[in-house]
Amino acid sequence: MSNPLVSIRHLVKSYRRGNQSVPVLEDISLDIAEGEFLVLMGPSGSGKSTLLNLIAGIDTADSGSITIHDVDLSLLSDSALAAWRASHIGFVFQFYNLIPVLTAFENVELPLLLTSMSRHQRREHVETALAVVGLTDRMEHRPSELSGGQQQRVAIARAIVSDPSILVADEPTGDLDRVSAEEILNLLEQLNREFGKTIIMVTHDPRAAKRARRLLHLEKGVLVL
Amino acid sequence: MFILKLLTRNAFRHKLRALLTITGIAIAILSFGLLRTVVSAWYAGAHASSGNRLISRNAISLVFSLPVSYKDRIRQVEGVKNVSYANWFGGVYITEKNFFPSFAIEPATYLGMYPEFILSDSQTSDFIRDRKGCVAGRKLAERHGWKVGDSVTLKGTIFPGSWEFNLRGIYQGKKQTTDEGQFFFHWNYLNETLRKNTPRRADQTGIFLIEVKHANLSSQVAQAIDGLFKNSLAETLTETEKAFQLTFISMTEAIVVAIRIVSYVVIVIIMAVAANTMAMTARERFGEYAILKSMGFGWFHIAGMIFGESVLLALLGCALGIGLTFPVAAAFAAQLDQFFPVFLIERSTLWLDLFLSLLVGLVAGLFPAWRAVRIRIADGLRRIG
Amino acid sequence: MACEGLAEMRIPLAYSWRNLLTRRLTTFLTAGGMALVVFVFASIMMLSNGLEKTLVETGSDQNVIITRKGADSEMQSGVDRNQALIIETQPELASGQDGAPLVTRELVVPIGLIKRGTSKPSNVIIRGISQQSLLMRPQIRILEGRLPRQGSAEIIVGNSIARRFSGVGRGEQLRFALRDWQVVGIFDAGATGFSSEVWGDCDQIMQAFRRPLYSSLTFRLRDSVDFPSLKERLESEPRLTVEVRRETTYYRDQSEAMATFIRILGISLTGIFSLGAMIGALITMYASVANRVAEIGTLRALGFQRLSILLAFLAEALLLGLAGGISGIVLASFMQFITISTMNWQTFSELAFSFSLTLAIVIQSLVFALAMGLIGGAIPAVQASRLKIVDALRA
Ligand SMILES: Nc1ncnc2c1ncn2[C@@H]1O[C@H](COP(=O)(O)OP(=O)(O)OP(=O)(O)O)[C@@H](O)[C@H]1O
Ligand SMILES: [Mg+2]
């Protein structure tokens, strides 16, 4: 196999609380191959979200390196990192984080505004993405008019619309009932299998963890098997 | 006490927002106070006038003069105690910028009629003795750095030429509301010069000042005087000093009205700002209100919390605003004493400040309180998420 | 590297706009506050513009007015017959169709008239005119009736006086200077100071008021460029003690004190008021940011740059300002129907003028409103763009 898609080396991260520093991640090293479905588990406060955020390029490490697609994230400037995220990462959050004043269609369209696509192309992409998550009939609804499961599906559509290679999901089913959660997990599995997306998911839900092709445990900032 | 603590804690939950709102209200109260003071300064002359004094002028308009010979006939009118006369001189000191009211007066009688101008006996007699003598108000003398004994030259706008005077006295106001910015000199000095240069304009005066024995006699005396000169070449119009002053003010009434309206506009503006703050505060706390309701608190508790908070903010702003009004008004008065010789904050202004800020507080709380009281517990709780 | 996404794409304006719409009450109150400030601002500009317009249109650049040296206004001035004769024979004067020079000797006196709905007199100017007076002021039209006959006690009344004072309708009699004067016409002088005057035959008025002197002499120049040399010559002529001014300059001087007063009052008022409105915008925009921290985090996570966030919030503040500005201007445009009449201190008589709205004022008001929004929104917008993504998402 060629180089791994994501390669993490000696990653260290700590937070400052008052004048004392609290270590969160201690010397993490990890490779993730293209097309993997990786699930991170671990007790609350173990640093799962922190690790995910670092991989997604919305936080910066104290030391160590993250290389994705042969790009060392620590070398990117703030604005270059933003542009990089726009084309490589799709986000799925626990609380969906849709923009309340925009319709489902417009929410999904948002990431495409960062590309040079024409209005017509954007419409096609958004419709495709919404078709994948099965919400073509809810395009003009605002988030407040959708159920939690539907909102999460809109969020997934938004995550995949710009065709990123990696999807990061932080407890995507944490706020959903069992049926909706199953739907979301099926969707993610399908995206991984049929569309070849690399998925990195944090979850507390053992049933969600079963979908993983690879399962990692994080405890007190250290990976355990 | 607990209530006040709760209200203060709530009000300052968003420190910045609370401070901004208080500042806004303070600015509004400050400008309202200043505008009101400007309006009362406009009327200061009329308020300071005495009910015992009448003014006779040419009935056509003030620009026309009256023969000074009328004096003796006016004196004989029943009820008249004393008569003096004065001419508006309209001089400027060095340049047009230094304009102040200047009058040619008959010194002995005039000063006798204005006990509010305090001038020492020696200065008074010096002034009366010197044909070219003049007297200036304290503020006016200070503004131009004049001292008794100085020679002062005015340029005439109505009576052309340079006019030289010797400053013989500086008067002080008896009360705070007395105008200390006027300038007086001998009517005789003016008249002698006019006799030489433009005899047509000599032996004339702008107004007669009439002191009546009792304020009750005013209208009777005024009618008698006007009757004396009816159908003569120069008919008179006699009215109380106050009415005379008000005629001037009524001519510029449009400006006063505009200032009045504008002073209330600022209150409305700040009402919008305060209402906005309360609307946002209440919106953020709908969840809390729902919880309080579910615990059994009544609508009046919730409305009370909202009104209490907005009134508290308004009153703090009011206190700050009133505190600022005094120094700012003092600075204003120093800058503008040429236009507003009397610039004092009236007590009624402060009461009005207080009333208006209470009003702002109540109006600001009205809509949010109404919404908070009406909200259903279930809806309110849903907003917490 | 990684430059493909750097094309600075912006968050759509609809986002800012809808956020304003969602918080309708807050938006309404903030924009309303700004609208009132813009209203005051625009009104004062319109007022000083209206005053300026009135006085500038009163005079003509071709006309020259002669008053006594040192006199601020015609009211204080006096020119005698000999002086008038010297001036009338100057070669620079234009002549009319009949060959006679275009010059008019006029007398100006203020009289007290009773305003409608009050009992207090206000000063109104009576102007004694000659035959040439109308020729030299083409802006004047007779609306009703006719001109006064020479040698008779007849007068015509400016329409602004006719509207606001009692007893000055056509056919009515006005009593002043011991005589009854018949009102034979109403004239319209456009937006000029003449609309606030009463005109009658100059000789009759001089007799009635026993005035031996004219107040002023006004003549038309043959060629406007002759003015400086003529002024120089007349003002240094020993037999004359006069001041020579273009009519336009003269009327501008007349209103200087009033215009300055309005301007100073206006600037200080709008200055203070705009502080209040900016605080309102600041509060609103701070809350707008505070309520949307998670949203800002999401947008940043999706790849929007700090600048895009900054622009989105600035756009929101500018829209707020724009809404306030437009409503303020609409409110102020109704002021055009109002005429203000007040005493001009310098002439000691009534002057009527209206609020006049111009494109320049509209633009200035809009810029002012946008500036208020911008200043109020700047700090919160910067704050929003500076949020750290992880912190914002945790909120
Ligand atoms: N911005 C921050 N400032 C200070 N401490 C932080 C910050 N973010 C995270 N932490 C701390 O870092 C540790 C790890 O946090 P993280 O959010 O990664 O945990 P997690 O594994 O995702 O937990 P959970 O399962 O509850 O989401 C926690 O102890 C948290 O308190
Ligand atoms: Mg987490």
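Per the conditions (1) without any contact (Cβ under 8 Å) to a residue 40 or more places away in the chain; (2) more than 14 Å from chain C (Cβ to nearest Cβ); (3) more than 16 Å from ligand 1 (Cβ to nearest atom), the sole criterion not satisfied by A:Glu189 is (1). Checked against the criteria, A:Arg158 does not count as among the basic types (Lys, Arg), more than 16 Å from ligand 2 (Cβ to nearest atom) and more than 14 Å from chain C (Cβ to nearest Cβ).
Out of curiosity, is A:Ile99 within 22 Å of C:Val289 (Cα to Cα), facing chain C (nearest Cβ under 7 Å), within 16 Å of ligand 1 (Cβ to nearest atom) and within 19 Å of the chain's Cα centre (by Cα)? Step through it out loud before you land on a result.
Numbers: within 22 Å of C:Val289 (Cα to Cα): yes; facing chain C (nearest Cβ under 7 Å): yes; within 16 Å of ligand 1 (Cβ to nearest atom): no; within 19 Å of the chain's Cα centre (by Cα): yes.
When the stated conditions are applied, A:Ile99 does not pass them.
Go through the stretch B:175-283 and tell me which strands (runs of 3 or more DSSP E), entirely inside it, have 3 or more residues that are facing another protein chain (nearest Cβ under 9 Å).
Values: elements: B:183-186, B:207-212, B:236-240.
By residue number, no strands (runs of 3 or more DSSP E) qualify.
What residue, among those in the stretch A:25-37 that are surrounded by 20 or more Cβ atoms within 10 Å (Cβ to Cβ) and within 15 Å of ligand 1 (Cβ to nearest atom), is nearest to A:Arg213 (Cα to Cα)? Looking at residues that are surrounded by 20 or more Cβ atoms within 10 Å (Cβ to Cβ) and within 15 Å of ligand 1 (Cβ to nearest atom), I get A:Ile28.
Does the stretch C:154-164 contain at least one residue that is of a type outside the set (Val, Ile, Thr), assigned by TED's automatic domain parsing to the domain that holds C:Gly117 and either open to solvent by 50 Å² or more (accessible area, probe 1.4 Å) or over 27 Å from the mean Cα position of the chain (by Cα) (or both)? Spell out how you get there, then give the answer.
Quick first cut of the stretch C:154-164, residues of a type outside the set (Val, Ile, Thr) only: C:154, C:158-160, C:162-164.
Among the residues that remain, those that are also assigned by TED's automatic domain parsing to the domain that holds C:Gly117 are: C:154, C:158-160, C:162-164.
Next cut, either open to solvent by 50 Å² or more (accessible area, probe 1.4 Å) or over 27 Å from the mean Cα position of the chain (by Cα) (or both) only: C:154, C:163.
Yes: the stretch C:154-164 contains one or more residues that are of a type outside the set (Val, Ile, Thr), assigned by TED's automatic domain parsing to the domain that holds C:Gly117 and either open to solvent by 50 Å² or more (accessible area, probe 1.4 Å) or over 27 Å from the mean Cα position of the chain (by Cα) (or both).
In the stretch A:68-87 there is no residue matching the filter, namely being touching a strand residue (DSSP E or B) at 6+ places or on another chain (Cβ under 8 Å), under 27 Å from A:Arg211 (Cα atoms) and surrounded by fewer than 21 Cβ atoms within 10 Å (Cβ to Cβ).
From the list A:Glu140, A:Glu194, which residue is more than 14 Å from every other protein chain (Cβ to nearest Cβ) and away from ligand 2 (no atom under 16 Å from the Cβ)? Full working, then the answer.
Details: A:Glu140 fails: more than 14 Å from every other protein chain (Cβ to nearest Cβ).
Unique residue meeting the criteria: A:Glu194.
With the condition kept exactly as written, say whether any residue in the stretch A:177-184 is within 22 Å of A:Leu54 (Cβ to Cβ) and either more than 16 Å from ligand 1 (Cβ to nearest atom) or more than 14 Å from chain C (Cβ to nearest Cβ) (or both). Don't jump to the end; show me each part of the working.
Going through the stretch A:177-184, the residues within 22 Å of A:Leu54 (Cβ to Cβ) turn out to be none.
No: zero hits.
So in the stretch C:278-291, with the set limited to residues that are open to solvent by less than 10 Å² (accessible area, probe 1.4 Å) and more than 7 Å from every other protein chain (Cβ to nearest Cβ), which one is farthest from C:Ile309 (Cα to Cα)?
Step one: list which residues in the stretch C:278-291 are open to solvent by less than 10 Å² (accessible area, probe 1.4 Å), which gives C:280-281, C:283-285, C:287-289.
Remaining after also requiring more than 7 Å from every other protein chain (Cβ to nearest Cβ): C:281, C:285, C:288-289.
Working: C:Ala281: 18, C:Met285: 13, C:Ser288: 13, C:Val289: 10 Å.
Filtering first and then ranking leaves C:Ala281.
Among the residues making up the stretch C:258-276, a single one is farther than 28 Å from C:Ala352 by Cβ and out of contact with any helix residue (DSSP H, G or I) (no Cβ under 8 Å at 6 or more places or on another chain): C:Gly271. When the stretch C:348-361 is filtered for residues that are in a helix (DSSP H, G or I) and open to solvent by 40 Å² or more (accessible area, probe 1.4 Å), the ones remaining, listed by number, are C:Leu359, C:Ala360. Which strands (runs of 3 or more DSSP E) sit wholly inside the stretch A:11-95 and have at least 1 residues that are within 14 Å of chain C (Cβ to nearest Cβ) and more than 16 Å from ligand 2 (Cβ to nearest atom)? Fully inside the stretch A:11-95 and qualifying: A:63-68, A:89-92. The strands (runs of 3 or more DSSP E) falling completely within the stretch B:5-120 that include 3 or more residues that are open to solvent by 30 Å² or more (accessible area, probe 1.4 Å) and at negative phi map to B:80-88.
Quick one: is A:Leu11 buried (at least 21 other Cβ atoms within 10 Å of the Cβ), closer than 22 Å to A:Ile199 by Cβ and in contact with a Leu (Cβ under 9 Å, 6 or more places away or on another chain)?
Numbers: buried (at least 21 other Cβ atoms within 10 Å of the Cβ): yes; closer than 22 Å to A:Ile199 by Cβ: yes; in contact with a Leu (Cβ under 9 Å, 6 or more places away or on another chain): yes.
Answer is yes for this residue.
In summary, helices (runs of 4 or more DSSP H) completely within the stretch C:8-123 and bearing 2 or more residues that are in contact (Cβ under 8 Å) with a residue 40 or more places away in the chain and hydroxyl-bearing (Ser, Thr, Tyr) occur at C:13-22, C:24-58. Of all residues in the stretch B:338-362, those being outside any helix (DSSP H, G or I) and either in contact with a strand residue (DSSP E or B) (Cβ under 7 Å, 6 or more places away or on another chain) or surrounded by fewer than 19 Cβ atoms within 10 Å (Cβ to Cβ) (or both) number 4.
Remark: pairs (first residue in the stretch C:291-306, in a helix (DSSP H, G or I); second residue among the aromatic types (Phe, Trp, Tyr) and crowded, with 24+ Cβ neighbours inside 10 Å; Cβ separation under 8 Å; 6+ apart in sequence or on different chains) = C:Thr298/A:Phe91; C:Ala301/A:Phe91; C:Leu302/A:Phe91. The one condition from (1) of a type in the set (Val, Ile, Thr); (2) more than 20 Å from B:Gln182 (Cα to Cα); (3) modelled with pLDDT of 90 or more that B:Val39 does not meet is (3).
Please state which one of C:Ile65, C:Ile87 is in contact with an Asp or Glu (Cβ under 7 Å, 6 or more places away or on another chain) and more than 14 Å from chain A (Cβ to nearest Cβ). Let's see the steps before the verdict.
Numbers: C:Ile87 fails: in contact with an Asp or Glu (Cβ under 7 Å, 6 or more places away or on another chain).
It is C:Ile65.
Of all residues being among the hydroxyl-bearing types (Ser, Thr, Tyr) and either within 19 Å of C:Thr260 (Cβ to Cβ) or within 14 Å of another protein chain (Cβ to nearest Cβ) (or both) in the stretch C:35-62, which is surrounded by the most Cβ atoms within 10 Å (Cβ to Cβ)? Just the residue, please.
Within the stretch C:35-62, the subset among the hydroxyl-bearing types (Ser, Thr, Tyr) is C:43, C:48, C:54, C:58, C:60.
If we keep only those that are either within 19 Å of C:Thr260 (Cβ to Cβ) or within 14 Å of another protein chain (Cβ to nearest Cβ) (or both) too, we end up with C:43, C:48, C:54, C:58.
Details: C:Ser43: 27, C:Ser48: 23, C:Thr54: 25, C:Thr58: 25.
If we take residues in the stretch C:35-62 being among the hydroxyl-bearing types (Ser, Thr, Tyr) and either within 19 Å of C:Thr260 (Cβ to Cβ) or within 14 Å of another protein chain (Cβ to nearest Cβ) (or both), then C:Ser43 is surrounded by the most Cβ atoms within 10 Å (Cβ to Cβ).
Of all the listed residues (C:Gly70, C:Gly112, C:Gly96, C:Gly117), the sole one being within 14 Å of another protein chain (Cβ to nearest Cβ), farther than 22 Å from B:Val63 by Cβ and modelled with pLDDT under 85 is C:Gly117.
Checking each residue in the stretch C:173-210 for being touching a strand residue (DSSP E or B) at 6+ places or on another chain (Cβ under 6 Å) and open to solvent by 30 Å² or more (accessible area, probe 1.4 Å) picks out C:Gln173, C:Asp180, C:Gln182.
The values are calculated or read from the model by the stated rules, or taken from the named source; none is laboratory data. In this text, all values refer to a predicted model and were calculated from it rather than measured experimentally. With ideal geometry, Cβ positions are generated from the backbone for all residues, glycine too; neighbour counts draw on all protein chains shown. The accessibility values were calculated without ligands, DNA or RNA, using every heavy atom of the protein model including side chains. Shrake-Rupley method; radii C 1.70, N 1.55, O 1.52, S 1.80 Å.
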